[in-house]
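Accompanying notes for the structure given below.
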Amino acid sequence: MTAAAWQLPTLAVRAGQERSQFGEHGEALYLTSSFVFENAAQAARRFSGEEAGNVYSRFSNPTVSAFEQRLAALEGAEACVATASGMSAIMALVLAHLKQGDHIVTANSLFGATVQLFNNILTRCGITVSYVPLNDPAAWEAAITPQTRLFFLETPSNPLTELADIAALSAIAKAHDILLAVDNCFCTPILQRPLALGADLVVHSATKYIDGQGRVLGGAVCGPKHLTDEVFKYLRTAGPTLSAFNAWVLLKGLETLQLRMHAQSAAALELAQWLQAHPKVARVHYPGLPSHPQHALAQRQQASGGAVVSFEVRGAREEAWTVVDQCRLLSITANLGDTKTTITHPASTTHGRISAEARAAAGISEGLLRVAVGLEAVADLQADLDRGLALIPA
């Protein structure tokens, strides 16, 4: 059986590994800035690309290549380019494929740092951005201009877990010769494979579930080689490089990704059901619940609801902060994807730098909390949240 026939759990453990002359069982960690050539002629061939091989770890390193190959295999992609972080992956994708005068259509429901990147940095490059409702394909099509080159979206979105119909947006994008890029951070290829649904490119913050234990930063862009080659050219010159050590850690994270995603998703569903029945909770946002407005789409598009649950307390910032401040088990941090459950108040953290008007347009209220469910016992998570919820006036 070849790697092409392997199923996801096998790919997560075996894909991309090339043993050195020492025959190591685990993946080797190549901590080197550069690589030595046999002679001047080989050096010239390597630098020109005439001969395959490693040159300089800013753009070629065997450990990083192993991570790229493994993640590409999981996404069903022809190729992958790894970067230093999720945000650098988005930046690399955009600057590799867009130029001054081009236009992006994206969603109101977008990670705060991505909004900052689009509004405050890309605009300096002469790239304009329009925001539309994530789950309204007609609005995406209506926002297209002759300069539109990219549809960019998260599904599920951060933090409200709204969904986009990837296949529907793909049909619109292809009809107008527009690239469709999907941030697959919340689901990973274990729960959702956007390329199979019609996306052109997939972006990851490998910092999250791919690592899985909050240890290192990393990012990636996956897709067909003719598209990722442009990202590679940007990375080779600009240098938002994934370190070999971080790539090695992420390789080990991929080995347990399937087990963690299914276990954390099951726990998230149980917690979401409990929160939905809680008298101090006004609303729960979780695609695995039948009450979620896009539950049917989630069932078609994802293997499960994922591991992120957002909910609105009965009240505003004061009540939400009370719940956060009473947590003794949940980690009060804005990161997600960890085996340790985390909690954050998006309006004052992940989305705190965007305007109040933009938060309102995205549906991010002052009473909203986001919980990224880990691997603890759900009953313990419930008890920790209930301590603060009990202090909210009836």
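So the values come out like this:
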read-out	value
Gained length - Arg236 relative to His295, 0.36 nm times residue gap less alpha-carbon distance	17.1 nm
Zero-based 10 Å bins, Cα pair distances in the chain, whole percents	5, 23, 32, 24, 12, 3, 1, 0
For peptides 351-358, 242-249, sequence by mean Cβ density within 10 Å, most packed first	242-249, 351-358
Charge-dipole axis of the chain as Lys and Arg at +1 and Asp and Glu at -1 on Cβ define it, positive-most pick from Ser365, Ala379, Gly218	Gly218
Residue order, fewest to most beta carbons within 10 Å, for Phe47, Phe22, Phe59	Phe22, Phe47, Phe59
With Cα atoms, 0 to 90° folded angle of helix 166-175 axis to the chain main axis	50
Partner aspartates and glutamates for Lys340 [C-alpha distance under 13 Å; skip if fewer than 8 residues away on the same chain]	Asp211, Glu376, Asp380
Neighbour-count order for Thr350, Thr256, fewest beta carbons within 10 angstrom listed first	Thr256, Thr350
Set of lysines with alpha-carbon distance to Lys233 below 21 Å, sequence-local pairs under 8 removed	Lys99, Lys225
Peptide ranges 260-271, 323-334 listed from the most packed, as the mean C-beta count within 10 angstrom indicates	260-271, 323-334
Label zone at Thr128 (point 7 Å along Cα-to-Cβ), backbone N below 14 Å, segment 104-120	104-106
Proximal aspartates and glutamates relative to Lys174, as straight alpha-carbon distance under 16 Å, when same-chain residues fewer than 8 apart are discounted	Glu141, Asp165, Asp200
Mean Cβ count within 10 Å, highest first, over the residues of peptides 366-374, 117-125	366-374, 117-125
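Computed from the coordinates by the stated procedures, all read-outs in this text should not be read as laboratory data. The shown structure was predicted, so the numbers you read here are calculated from the model rather than taken from an experiment. Cβ sites come from the backbone with ideal geometry, for glycine too, and all protein chains shown count toward neighbours.
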